[in-house]
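K.L.:
Here it is: the structure, laid out below.
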Amino acid sequence: MRICLLRHGQTDWNKQGKIQGREDIPLNNAGIEQIKKAAEYIKKLNWEIIVASPLSRAKMSAQILSKELKNLEILYDINLIERDYGEASGKTKAERASLFPDGKWNGMEPFDQLQRRTINALTKYTNEYNEGNIIIVAHGEAIRSILTYISDTETGTEEIVWQPGKNAHISYLEKTDDKYKIIFYNKTVDELEISQT
């Protein structure tokens, strides 16, 4: 089976460089267009279900995608919500550097806790829909936690997987029996189109 991991489209906070965790920030117009463009690539395969974070930026992305895929059913799972960044949420990179010079963000959800819930969600839906292909619409750090788990190293993939400027990025996984393989990750549609020419 194939699994598509899709990061939500751009929000105003993304555009402003603010880190967003549990805040419920909707897509902006650019984000809507990004998801429509991503859908053109994703719909090349047949999909059985969309599973999404219930935060509005992911929910809106899933709804746009569903419409482009002939009203594919959407399920929402709280385990796919973004990491809680604690006191750093809503702050720009410069503000975070000023407020937290030691790099420690009070109240941030531990990475292993984030990873446990996202992997639980991945396992649940890939087991339930193992005869078809599924799409997971989530958030940057939530997706990174899944890719980190599959690549079997936390630090080895941190920098190359987590690229926060890339909204609506796509990763494809393949599951055979109980093993997952990363086909590609963190690619925008433009990057995928260039690689295929």
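We did not get these values from a lab; they are worked out from the coordinates using the rules stated. Quick caveat, the model's predicted, so the values are computed rather than measured. Cβ sites come from the backbone with ideal geometry, for glycine too, and all protein chains shown count toward neighbours.
K.L.:
Please check: in the Gaussian network model of the chain (C-alpha springs, under 10 Å), which one of Ser98, Ser53, Ser145 has the largest mean-square fluctuation.
P.N.:
Comparing Ser98, Ser53, Ser145 in a Gaussian network model of the chain, the most mobile one is Ser98.
K.L.:
Say each of Ser98 and Lys15 gets a label point 7 Å from the Cα, pointing the same way as Cα to Cβ; how far apart are those two points in nm?
P.N.:
Distance between the two pseudo-spin positions: 2.3 nm.
K.L.:
Exposure proxy check: Thr176, Thr126, Thr118, Thr92 ranked by fewest other beta carbons within 10 Å?
P.N.:
Result, fewest neighbours first: Thr176, Thr92, Thr126, Thr118.
K.L.:
For segment 2-195, with only Lys/Arg (+1) and Asp/Glu (-1) charged at the beta-carbon, what is the dipole magnitude about the Cα centre, in debye rounded to 20?
P.N.:
Here segment 2-195 has a charge dipole of around 380 debye.
K.L.:
Which angle between 0 and 90 degrees, to the nearest 10, do you get for helix 111-128 versus the longest principal axis of the chain when only C-alpha atoms count?
P.N.:
Long axis of 111-128 versus the principal axis of the chain: about 10 degrees.
K.L.:
What ranking do Val137, Val189, Val51 get, fewest neighbouring Cβ atoms within 10 angstrom at the top?
P.N.:
Val189, Val51, Val137
K.L.:
If you take every residue apart from Leu173 with its C-beta less than 9 Å away from the C-beta of Leu173, what net charge results, scoring Lys and Arg +1 and Asp and Glu -1?
P.N.:
For residues surrounding Leu173, the net value is +2.
K.L.:
Next up: For segment 92-143, how big is the tail of P(r) above 18 Å, as a whole percent of Cα pairs?
P.N.:
Roughly 52 percent, rounded to a whole number.
K.L.:
Looking at segment 2-34, which trypsin sites (Lys or Arg not before Pro) are in a loop (DSSP not H, G, I, E or B) and have at most 11 other Cβ atoms within 10 Å?
P.N.:
When the trypsin sites (Lys or Arg not before Pro) of segment 2-34 are filtered for loop state and at most 11 Cβ neighbours within 10 Å, nothing remains.
K.L.:
Using the alpha-carbon atoms, what tilt in degrees (0 to 90, nearest 10) does helix 29-42 show relative to the longest principal axis of the chain?
P.N.:
Its long axis makes an angle of about 40 degrees.
K.L.:
Multiplying the sequence separation of Glu40 and Thr176 by 0.36 nm and subtracting their Cα-Cα distance, what value in nm do you get?
P.N.:
Extra length from Glu40 to Thr176 when fully extended: 46.4 nm.
K.L.:
Next up: Using the charge dipole of the chain (Lys, Arg: +1 at Cβ; Asp, Glu: -1 at Cβ; taken about the Cα centre), state which of Ile136, Ile150, Gly9 has its Cα farthest towards the positive end.
P.N.:
It is Gly9, whose Cα lies furthest towards the positive end.
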